[in-house]
Every structure is written in structure tokens, then in C-alpha cells.
Amino acid sequence: KVVILAAGEGKRLRTKKKNETKAQIKVYGLSLIQRVILSAKKAGLSNFIVVVGYKKEILISYLKKISKIHDVSIEIVENPQWRKGNGTSVYACHDLIKGNFFILMCDHLFDPSILTELSKNNLPENGAILAIDKNIDKVFDLGDATKVQDQDGSIIRIGKNLKSFNAIDTGIFFCTPTIFAALENAFRERKHSLSGGIARIINLDKMKAYDIGNKFWLDIDTEKSLKYAKRALLSQLNKISEDGFISRFVNRPISKRISVMLSYFPISPNIITIISFVTGLMAAFMFIKGNYFFTLFA
């Protein structure tokens, strides 16, 4: 199963709509949580547990629609203690989890292959694996990122205020149910973040790391990071190694601008296919007419 944490208020990135949560903020036609779900689905995962808290009624209604649209199973878990920290949101799922599972953040975009590769790693018994990014110089808003000290594939320290670190926490975890006992221990010390529970697993030498290499991921929690995400997603459309000169410098820039404009409208791929087909028929008709004006227009 996949647990998606979506209970937080998102104070640094507030939606302008009253009937919307941070998870519903759209990036080129798809909401943040839609993108997370679709990335996981592309990796072969289709059973989700979404933890809600802030504006829960609004998000629950939205998730029911998303479940039908994308043909995935979404169980809703309400976390009344969401204000304490995201560790409480993970713990709120403990009755529903019996085996190994993924933990994702509703505002972290990522390459689906990260989950595919992460699932191939051998989970340590009673432990967990965290996907880490060692390209520290490329991380957007490093100051707000959760830092990690990795040593030969094992995580030995984690926290936002680490002075010494060599990787960044991507917010993508593959866990055994032991995480719940670790969180309970952290709660006793009034530490309610997920990192607090992970620190307990680190103490048992059961916390492993998976380096994502150059794979894409991004934490979106400010307006600046949202704008950066839009630029980053567009850059993913570039296939420089596959494009010829005309495609790279003429066709692709035009198609990217058209894609951005279309993303703001509720147009399905089927409708676009029909429009393309009709356009092709019109062009063929104009060529058949043989008139100079029609041919030039086509």
C-alpha cells in the first residue's frame, strides 16, 4: 500500500480558493496529489491511504472524485492530531497496514522510477529505506530541506538542522510496520515528526538509504518552489538527444506553449485526438481544392 500524507495546513503555500487545500493546487491541469497518485500508479501501485486533517471535508470529497477518475483505491484516514506533526499522520494508519508500505508526501513530485527501484531494494528486517538525493547543489530551497548523513548505504543522522550532511531526504520511504512502534517511542519524548520515528530506527541500525541519482523530485511548499516546479516539469518535455534541429528549436517550443495553454482547460486526450483528426481532414480538403489560398493556409 501507499500512504500519502495530506493532513497539513501548508502555511507557506496557501491556495487562493476557500474550498481547496494545498494538495489540490494545480500544476498544469493536475493537482499536486493527483500527480503523486499518478506517479505511484505508473510505478504499478494502485492501493492508497490518504491521511487528511486540515479542511478534511473538502479534501475527502475531492479524493472520491479522483479515485473514480483514475481508477485507484483510496482509503481515507482522518488524523485529529495533525497539528502536532506528520508522524501522527503516519501513525494514524497503523490499523490498516499489515505489511511493507510506501510513505509519500502530497506535495512532493517525483519520477515514478524512484518507487520502482526503491521496491527492488531489500528492506532490512524491522527497518526502512529512504530515497535520498546526493545532488545537494541542485536541491531547491536547501535551507528548508531535511538533511541526511549517509554512510555506506546506511543513514546515521537525519534532521533539518544538521551541520554535517551529504544527502537530502526526498520524502519517499519504503517501510516495515516497525515504523509504528518507532513513532510510539518518539511520541513518548514529545517528538511528533516522522523524522522522530526514523531517528529511532536509525538507533537500531535499520535505516537504509537509496540514492536516486539524477532522477527528478521536488518539494513544493512555497510560491517560489511552485513556479520552479512548473519550469522543471516543462524541461522534462525536452528530448534533446532525440530531437533534430527543427524539432528542438521550432516544433518543441511551440508545442510546449500550446501544452501549457491547454492545461488550463478541462480537455481530455480523446478530445485532442479528435481535434487533431479534424484538423488533418481540413488540411487534406484544402490541398484537394488546389486553390493557392487554401494550399497556403493548409
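Just so it is clear, none of the values below were taken in a lab; they were calculated from the coordinates. Keep in mind that what you see is a predicted model, and the values were worked out from it rather than measured. Using ideal geometry, Cβ is built from the backbone for each residue, glycine included, and neighbour counts are taken over all protein chains shown.
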Suppose we filter Ala209, Ala182 for residues that are outside any helix (DSSP H, G or I), touching a Gly at 6+ places or on another chain (Cβ under 7 Å) and either free of Cβ contacts under 8 Å to residues at least 12 places away in the same chain or of a type in the set (Gly, Ala, Ser) (or both); which single one remains?
Ala209
Leading residue by the ranking (farthest from the chain's Cα centre (by Cα)) among those in segment 135-155 that are part of a loop (DSSP other than H, G, I, E, B) and at negative phi
Asn135
Counting only residues that are more than 15 Å from Ala131 (Cβ to Cβ), within 19 Å of the chain's Cα centre (by Cα) and surrounded by 15 or more Cβ atoms within 10 Å (Cβ to Cβ), segment 195-229 contains a total of 7
Looking at Ile172, is it more than 25 Å from Arg12 (Cα to Cα) and either among the aliphatic types (A, V, I, L, M) or crowded, with 19+ Cβ neighbours inside 10 Å (or both)?
no
Is there any pair linking a residue in segment 3-30 that is in a loop (DSSP other than H, G, I, E, B) to one that is surrounded by fewer than 17 Cβ atoms within 10 Å (Cβ to Cβ), with Cβ under 6 Å and at least six apart or on different chains, and which?
Arg12/Thr222; Leu13/Thr222; Ile25/Thr15; Tyr28/Ser263; Gly29/Ser263
Neighbours by Cβ (under 8 Å, 6+ apart or cross-chain): first from segment 58-83, under 16 Å from Cys106 (Cβ atoms); second part of a helix (DSSP H, G or I) and charged (D, E, K, R):
His70/Lys41; Val72/Lys41; Ile74/Lys64; Glu78/Lys56
If I ask for residues that are closer than 24 Å to Lys134 by Cβ and among the acidic types (Asp, Glu), which ones from segment 152-194 would you list?
Asp152, Asp169
Identify the single condition in (1) surrounded by fewer than 20 Cβ atoms within 10 Å (Cβ to Cβ); (2) more than 19 Å from Asn19 (Cβ to Cβ) that Gly87 does not satisfy, given that it satisfies every other one.
(1)
Hey, can you tell me all the residues within segment 91-134 that are of a type outside the set (D, E, K, R), more than 18 Å from Ser154 (Cβ to Cβ), assigned to a loop (DSSP other than H, G, I, E, B) and out of contact with any Leu (no Cβ under 7 Å at 6 or more places or on another chain)?
Ala92, Cys93, His94, Leu96, Ile97, Gly99
Yes or no: segment 37-49 includes at least one residue that is part of a strand (DSSP E or B), of a type outside the set (Val, Ile, Thr), in contact with a Lys or Arg (Cβ under 9 Å, 6 or more places away or on another chain) and surrounded by 17 or more Cβ atoms within 10 Å (Cβ to Cβ).
yes
I need a count of the residues in segment 61-111 that are of a type in the set (A, V, I, L, M) and either over 19 Å from the mean Cα position of the chain (by Cα) or farther than 30 Å from Leu234 by Cα (or both).
6
Going by what's in this entry, would Lys163 be described as over 19 Å from Phe102 (Cβ atoms), without any contact (Cβ under 8 Å) to a residue 12 or more places away in the chain and either of a type in the set (Ser, Thr, Tyr) or in a loop (DSSP other than H, G, I, E, B) (or both)?
yes
